[in-house]
Structure formats: structure tokens, C-alpha cells
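Read-outs throughout are calculated quantities, based only on the coordinates presented, and are distinct from any laboratory measurement. Keep in mind that this is a model prediction, so the values were computed, not measured. Don't worry about glycine lacking a Cβ; one is built from the backbone with ideal geometry, like all the others, and counts go over all protein chains shown.
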Amino acid sequence: MRKYFGTDGIRGKVGDHPVTPEFVMKLGWAAGRVLAGRGKGPVLIGKDTRISGYMFESALEAGLSAAGVDIRLLGPMPTPAIAYLTRNTRAQAGIVISASHNPYQDNGIKFFSSDGFKLPDDVELAIEEEMDKPLTLSGGRLGKAQRMSDAPRRYIEFCKSRLADCRLDDLHLVIDCANGAGYRVAGKVFQELGAKVDMIGAEPDGININEQVGATSPELLCKTVVEKGADAGLALDGDGDRLIMVDDRGTVIDGDEILYMIAKSRQDSINGAVVGTQMSNLGLEQAILAMQMKFHRVKVGDRYIMEMLTREDLRLGGESSGHIINLNLCCAGDGIVSGLQVLAAMVSSQQSLRELMQGMNKYPQILHNIRTPERVDMSAYPELDDVVREAEHELGQRGRVLLRPSGTEPLLRIMVEGEDESQVSALVQHLVKRVETLLQKQI
């Protein structure tokens, strides 16, 4: 079992183990020791805009240098940009300092292998084994660090090249960068493709990342799209790998709807199937099946989507949260590239976002998070299974219930979905009370 790595790298509150400067320096050294035996070339380091990113960037640099590994510093860049540049420059690995959609008090570390995909389990386990060894210098050779000053331009050109001959000249867009990693590049991609662009959430100060802006808080984007009379709004999260959209009336369009629109416009290139998760709306599944394609569900997390895509030779998958992966275009979830696919469909079909979504009818779905002192081990609460079964029995074949711990935060997530919104709402309230009562008894 892994001690430190979760479903999306290592993440937590800054200053609490393992998200400390000492740990991250040792992590850099351990990763350098493992990676040095698997290939040549530098390791790329990128980050989002959290103030703690400076500290952890220096810690990683020191650890990697001590292991004799050369470093290329990219500065604030979206996570998918690190994946692309790692692959494109034939780097040994890529490291991202980010806690994605979490508040600025959190931070984390995640790795990409030389092919731009996340590290396989055996490499993560090897790094953890090295963490237990004393830190020593690598035979007198220390790694050198350099800035990669052209990283933003390389990534901008990559995004623009994903959809050949796609022009956005007649579109007016509002882009929300969540005061995060996309603030230097996202607007330029859409502007250089011809769109009129208004920017929000593009003034990071180190602590305002994801603060009432971005994919997790699209209210300001909804308001701005309507006020500006824009055709659409696009909201990234803090590290730029997720996308939530807004139509011209200010209605939020989530990841399930984005996945549907991309699948609908690209049926000929996605090998006859779409991958979703346990959280994917039943309406999405039914819409995919109606297009004579298969729909696969996996556990929540882009890691599991990627595993299914590669194992079954599929191309397209995504999450309700807006993390969309199209392996025909990139090797990681990319908010900007996902947005370009939807906008290209709008242009080619001459349809609005509302018209593109015709054919998918979402079921009412409510998600409630219960914050816990630490991550909940579901096996320690067998009574929770009975609570879920009772709720599922009440819904019958007309809905679903999901109770799971978050893979990135100390939260227990409750999701209820069904045809009757009032029934769904009542069931959520009932489940929250039952679950909180059971948790309190064990504390």
C-alpha cells in the first residue's frame, strides 16, 4: 500500500505532514534517485499560483539537485501544459506543484512520466521506498537548474494546433482562470484564434486562487457572460485541467454536458464508447447509449478514466467536475483543449450551446459534502452500507445513491440522483442526518 501518494499525487494543508518543505525536499531527492535510473534528461517543474508554490519549488529543486538531476523551471503553468512539455521536450519527468481546485492553504505534488502520463504505481512505490533512506549526495554530481522561458508560448501553440482550421472569429467569450495557473495562457489561446475575449479571475495574488471564481465557483462567470452579452463562458480550475462552461443566458454547463457535446460532435473518432465515473449523470449514460455507443463507468478520478481508456483502446472520457480526456488530442485532461472542442462544434454546426446539448436530459442530482477530521475509512462503518441500501430501495430503478470519501480532501461525499427532484432532495437531507449521526457515534 502507498503511504503518501493518493489518487492524484500528494496533497494536503501546507505545514501539515506530508506537505512540508522538509518532506518535499526529501521527495524531490527520492524521485530523482528513482528517475535517474530510468532515463536521461531534465525534470520539469511547474506550479499554480499559490504563495506556497515558491517554497515547494525551491525544496524540490534542492532535492532533485542533490540526487544529481538537472531541472527546468517553468513557473506558473497549467497541469496539462506540464504533461505536454514533459513529453514534447523528452524530459525525464514532469512535476506539478498544485492542489487543483482546493483553497490556497492547501498544496500538493504530482508527477508525470516521460510520456506525459501520470506515474505508474510501481514507480510511486519505488519513490516511497527511497523516502525511508537517508538523504545523501549523488556521488559528488549535483543537478543544475534553468528557467524555460518559452514554456507559455510552446503551450499556447500546442493548444491552437489541436483543432486544425478552427477559427473563433464570430464568438464573444468570457474566460475565468480561477486566479490560477492558466492566467498567462488561456486568454491568448482564444484571442489568437480570433475570439473576442473578456477575462476574469486572471489577477492572482498568491492567496485568491479558486476564491469565488473558477470551475468550482462559476457564479461570477454566469453574471459576467450575461452582462457582456457573450456567446459563452469558460471557467478553469486552479491548475487548468478542468472546465465548466456557461451559455449565453448564464446557465452552468457541467462536465457531463461538455462530455456529451464532445462525444456527439466526434462520434467517428472515439472508437464507439465513452468513459464516465460513478458520479456521471444517468442522463449522460442514456444519451451516449442513444447514439449507439457504449458507456463505461469507473471509480471517481481521472486516474481511473485513463486506465480504462488505455486498457480498452478508447479515446474519450471525463468527470462531472469538468475533467475531460480526449487521447486523440492530448495525453491529459486539459480545460483549454476541452473548451476548444466544444467551441469548434458550435462553429461547425452554427449552433448555440443550448442547441448542442439537445439529446441529453439530465436527471436531478444533488451532491452534499460532509467535512470530517480525517479521511474516512468506509470499512470501519459497515452501517453506512445499510443506509445506502435503504435509500436505493426507495428510489428503485429510478435513481442512484453514492457514498464515498473524497480522494483529495477530508470529505465524505453523498450523491443522490433520481427522476423526482423533491424525492432526491428529501433523501439527501435524510442521508446527511443518518451519516452524521453514525460518524459521531464512532468519534
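Amide H contacts for LEU168 (H built 1.01 Å from N in the peptide plane; partners 5 or more residues away or on another chain; cut-off under 5 Å): GLY194, ALA195. When we measure straight from the Cα of LYS3, which lysines land under 30 angstrom away, once same-chain ones fewer than 8 places off are left out? Partners within reach: LYS13, LYS26, LYS40, LYS47, LYS110, LYS118, LYS133, LYS144, LYS299, LYS441. Annotation: the antiparallel percentage among DSSP beta bridges lying fully within region 236-385 is about 45. Residues whose amide H comes within less than 5 Å of that of ILE95, counting only those at least five positions distant or on another chain, are LEU44, ILE45, GLY46, PHE112 (H built at 1.01 Å from N in the peptide plane).
The equivalent ellipsoid that matches the C-alpha gyration tensor of region 98-199 spans semi-axes of 37, 17, 14 angstrom, in descending order. The three principal axes of the Cα atoms in region 66-114 give end-to-end lengths of 32, 26, 17 Å, sorted in falling order.
Provide the packing ranking of 289-301, 89-101, i.e. peptides ordered by the mean count of other C-beta atoms within 10 Å per residue, highest first. Could the numbers behind the result be given before it?
Numbers: 289-301: 15.5, 89-101: 26.2.
For the peptides 289-301, 89-101, the packing ranking is 89-101, 289-301.
Between region 1-36 and region 378-440, the alpha-carbon centres lie 33 Å apart.
Under the Kirkwood approximation applied to all pairs of distinct alpha-carbon atoms, what is the hydrodynamic radius of region 35-159 in Å?
Working: mean 1/r = 0.0674 Å⁻¹.
Radius from the Kirkwood sum: 14.8 Å.
Less than 5 angstrom separates the built amide H of ALA232 from those of HIS172, VAL174, all sequence-distant by 5 or more or on a different chain. The local environment of ARG413, defined by Cβ-Cβ distances under 12 Å, has a net charge of +2 under the rule Lys, Arg +1 and Asp, Glu -1.
Structural size metrics of region 202-270, computed from C-alpha coordinates, are Rg and Dmax of 13.5, 44 Å.
Centroid-to-centroid, using Cα positions, region 126-168 and region 302-360 are 25 Å apart.
Using a simple charge model, +1 on the beta-carbon of Lys and Arg, -1 on the beta-carbon of Asp and Glu, nothing else, what dipole does region 15-145 show about its Cα centre, in debye to the nearest 20?
Numbers: 14 positive and 15 negative charges, 125 e Å.
I would put it at about 600 debye.
Net charge in the neighbourhood of GLN146 (other residues with Cβ under 14 Å of its Cβ; Lys, Arg +1, Asp, Glu -1) is -1.
Apply the a/c threshold of 1.5 to the C-alpha gyration tensor of region 315-363 and tell me whether it is rounded, prolate or oblate. Since a/c reaches 1.5 but b/c is at least a/b, the shape of region 315-363 is classed as oblate.
Placing unit charges on the Cβ atoms of the charged side chains and taking the dipole of region 102-213 about its Cα centre, the candidate lying farthest along the positive direction among THR136, PHE112, PHE190 is PHE190. Our summary gives region 354-443 a relative contact order of 36 percent, counting only alpha carbon pairs under 8 angstrom and 6 or more residues apart.
Restricting the count to DSSP beta bridges whose residues both fall in the chain, what percent are antiparallel, rounded to a multiple of 5? Spell out each step's value before the answer.
On the way: 35 of 64 bridges.
That works out to approximately 55 percent antiparallel.
Between Rg and the Kirkwood Rh of region 230-369, both from Cα atoms, what is the Rg to Rh ratio?
On the way: Rg = 13.7 Å, Rh = 14.8 Å.
With Rg and the Kirkwood Rh in hand, the quotient comes to 0.92.
Mean separation of Cα pairs under 8 Å and 6 or more residues apart, divided by the residue count, gives the chain a relative contact order of 13 percent.
Give me the base-10 log of I(q)/I(0) for region 1-77 at each q in 0.11, 0.12, 0.16 Å⁻¹, Debye formula, one uniform scatterer per Cα, rounded to two decimals. So the normalised log intensities are -0.27, -0.33, -0.59. Couplings 3J(HN,Hα) of region 321-335, computed from phi: 5, x, 8, 10, 10, 10, 5, 6, 10, 7, 9, 8, x, 9, x Hz, in residue order, whole Hz [Karplus 6.51 cos²θ - 1.76 cosθ + 1.60, θ = phi - 60°; x for Gly and Pro].
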